[in-house]
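Shown next, in structure tokens, is the structure this report addresses.
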Amino acid sequence: MERLSPARQKFVVMWGEMSARCATTRTAGRAHALLLTSNRPLNADEIREHLGVSRSNISAAMRELESWRLIRTVHQMGDRRDYFEPVRHVWEAFHNLLCEHERRLLSPFRVDLQRHLESAEHPTEGDAITAECLRNLVEFLEIVTEWVAEAQAAGPAGLRQLVVTRPGPSGGPRARRRTA
């Protein structure tokens, strides 16, 4: 088994920590980083040996990464084992993550908030403060959903052309166009 360089080891650990904060497990993040920095697909045993975790932990991590559409299973002639390779194109990985976050998190949360907003606006059972809070959350999620749709529609070439609007020093909007 090849030895990982110190830079690669640091990246694997960092990616695992970041992944644990975002959407996946630490092991899935580390396995993903290992695959991203590999010049060839790896099988589960190779990943397990590098990371020093159990076979079942690696199997769960690979299923998780496949469900987020961040890796693909590939096969090699004369070998019955599954090999894994990452989605290498950054835009494709980002697009897959956006789609999965929308499907798993944003959309169901927005539906739940809308249902609770209707209850909070009820003339006898609701209250104005809760309704206002929920209205703001629903509006925010709608804006995020629109942003995600715009980013997806822009594609990798048009992503830099999206306009980012942030409040200026006086509180009014300040548009900034990112350029390469």
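What follows draws every value from the coordinates through simple rules; no lab data is involved. Model, not experiment: these values are computed from the prediction. Reconstructed Cβ throughout: ideal geometry from the backbone, glycine too, with neighbour counts over all protein chains shown.
When region 147-161 is filtered for residues that are within 13 Å of F94 (Cβ to Cβ) and among the small types (G, A, S), the ones remaining, listed by number, are A151, A154, G155. If the condition is being touching a Ser or Thr at 6+ places or on another chain (Cβ under 7 Å) and among the polar types (S, T, N, Q), then region 28-73 contributes only N57. In the list R30, R69, R81, which residue meets the criterion of being farther than 26 Å from V148 by Cα and under 19 Å from the mean Cα position of the chain (by Cα)? The match here is R30. Screening region 1-37 for residues that are free of Cβ contacts under 8 Å to residues at least 12 places away in the same chain and either in contact with a strand residue (DSSP E or B) (Cβ under 8 Å, 6 or more places away or on another chain) or under 25 Å from E100 (Cα atoms) (or both) and picking the one that is surrounded by the most Cβ atoms within 10 Å (Cβ to Cβ) gives R26.
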